[in-house]
1. Restricting attention to the stretch 453-503, which residues are within 29 Å of the chain's Cα centre (by Cα), surrounded by 12 or more Cβ atoms within 10 Å (Cβ to Cβ) and either acidic (Asp, Glu) or in a helix (DSSP H, G or I) (or both)?
2. How about the stretch 394-408: which of its residues are of a type outside the set (Val, Ile, Thr) and either in contact with a helix residue (DSSP H, G or I) (Cβ under 9 Å, 6 or more places away or on another chain) or touching a residue at least 40 places away in the same chain (Cβ under 8 Å) (or both)?
3. So which pairs qualify, if the first residue must be in the stretch 248-271 and touching a residue at least 60 places away in the same chain (Cβ under 8 Å) and at negative phi, the second must be in a strand (DSSP E or B) and of a type in the set (A, V, I, L, M), the Cβ gap must be under 6 Å, and the two must be at least 6 apart or on different chains?
4. Kindly evaluate Ala412 against the criterion of being closer than 22 Å to Cys316 by Cα, at pLDDT 85 or above and either of a type in the set (A, V, I, L, M) or crowded, with 20+ Cβ neighbours inside 10 Å (or both).
5. Report, by residue number, each residue of the stretch 12-33 that is surrounded by 24 or more Cβ atoms within 10 Å (Cβ to Cβ), within 23 Å of Leu242 (Cα to Cα) and of a type outside the set (A, V, I, L, M).
6. Of all residues in the stretch 422-444, how many are among the small types (Gly, Ala, Ser) and either open to solvent by 20 Å² or more (accessible area, probe 1.4 Å) or closer than 12 Å to Trp458 by Cα (or both)?
7. Take the residues in the stretch 504-524 that are of a type in the set (S, T, N, Q) and assigned to a helix (DSSP H, G or I); name whichever of them is farthest from the chain's Cα centre (by Cα).
Amino acid sequence: MSLESEIKRRRTFAIISHPDAGKTTLTEKLLLFGGAIHVAGAVKSNKIKKTATSDWMEIEKQRGISVATSVMGFEYEGYKINILDTPGHQDFAEDTYRTLTAVDSVIIVVDVAKGVEAQTRKLMNVCRMRNTPIIVFVNKLDREGRDPFDLLDELEAELGIQVRPLSWPINMGVHFKGVYNIFEQNLQLYTPNKQFISESVAIDIQSTQLEERVGDADAAKLRDDLELIEGVYPDFDPQQYLAGQQAPVFFGSALNNFGVKELLDCFVRIAPSPRPVQALEREVNPYEEAFTGFVFKIHANMDPNHRSCIAFVKICSGKFERNVNYKHIRHGKLMRFSSPTAFMAQKKETVDEAYAGDIVGLPDTGTFKIGDTLTSGEQLHFKGLPSFSPEMFKYIENSDPMKTKQLEKGVAQLMDEGVAQLFVNQFNGRKIIGTVGQLQFEVIQYRLLHEYGAQCRWEPIALHKACWIESDDEAELENFKKRKAQYMAKDREGRDVFLADSGYVLQMAQQDFKHIRFHFTSEF
């Protein structure tokens, strides 16, 4: 197969939503259709001991939430599909924002009873900045929920995007009978089953067959609804979808495997193959011969037996090959990789080659940082992978002096993942961890203990925000550092960080020191 046709059949997308809308359950069902797994696991269940494939970390199994993005690839009807299942909880939003830089399209999952929630709005803003094409999947139709037309109005208003239903539900909750697939013009009848697929019937919507299948009242309502949809909503326009201006909407129940196949069949046909990526120097086209890619995520301890870190690389152009020399731009040296891996969540297999749109894992012994670029030799820098200024801070202290080395290694590797940031206070030499959410502290403490055998404890510190400072006026910078000595810290790169203890102090500092630049992301 030629390079171009190999790349064209790639579909790389993320599944995003508010916590509990059903992302991980939907991912499981998509894997089921792709033949990647044979039995779908459950996210929360005491009866089923099989947990979801994408929630493989111990803490995820216990909490029933995703705390890290997992990558899964499988083949489906001639397409190579790469799914990234992201955490929904806002405390892990940074992981999700970074993941969105590595995908070509997005599926947003919305709970039919709750509608659009806060976290969904934030994630949608990130998609809008990049004009990422989105499809909406309205989930949990086997429960009572809101009127579908009200929900569509809310999607348009809250997400700021034109919507177009491509399937339509017949009732919901206990009276749920199925979905009419507008895209393929057939009827899907609902039979609740977590592992098998309901039957679909090709049907003329005006014939009496419809009454036989769903009853007189529902048949009449469905015809009225479809007429209203055709009158009110614009026709589905693939170009507008690809430009991120129109969102197709599907209805179903991921838990009962209903409406998922229709979503997948439509998705592989309309979703974009890998798109051009903007580097600082120029735009990189996926069909170029030369390989380019960037690290968007690092995960420590994917295999507890080996204590290894894995750098996730999104391939932007060309073809990646095993045992070929590639240039690590930040270090300026050539590197070759003998065991690049493809993923199925935690399971890995070595790959000999991968193409633009794919995500490969490279063993990392401390050589990679998030945002690093790899190329066949060209000097390129992919940007746009921010580290946000943390809003919560705690001192980290060692509870077990015998395990100092383990603690240091654990903290270093977990900080490499980019989910939290380490600052060393220049006044008293104490280590401070900053995160964007409270739950991160629990996850770090849990992982240090269970993955590294190190015990830490947290001590409170009252800080408002961390900001990176720089200035062309050396004297003013020195003066600032002296005056704010007890609030000055260094990050892991050795850059100066000002830890403001209140919004007022920060505002006054910005007013008093006109020549100092205050940055709230570490990418400047």
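1. Hit for the stretch 453-503 is Asp491, nothing else.
2. Lys394, Tyr395, Glu397, Asn398, Ser399, Asp400, Lys403, Gln406, Leu407
3. Correct list of pairs: Pro248/Ile135; Val249/Val136; Val249/Val163; Phe251/Val138; Phe251/Val179.
4. no
5. Thr12, Ser17, Lys23, Thr27
6. 2
7. Looking at residues that are of a type in the set (S, T, N, Q) and assigned to a helix (DSSP H, G or I), I get Gln511.
Table: residues versus (1) at pLDDT 80 or above; (2) open to solvent by 20 Å² or more (accessible area, probe 1.4 Å); (3) in a loop (DSSP other than H, G, I, E, B).
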position	(1), (2), (3)
Gly35	no, yes, yes
Lys61	no, yes, no
Lys80	yes, yes, no
Asp91	no, no, no
Val109	yes, no, no
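The values are calculated or read from the model by the stated rules, or taken from the named source; none is laboratory data. Everything numeric in this text was worked out from a predicted model, so none of it was measured. Cβ sites come from the backbone with ideal geometry, for glycine too, and all protein chains shown count toward neighbours. For the accessible areas, the whole protein counts, side chains as well, though only heavy atoms, and no ligand, DNA or RNA atoms are used. Shrake-Rupley method; radii C 1.70, N 1.55, O 1.52, S 1.80 Å.
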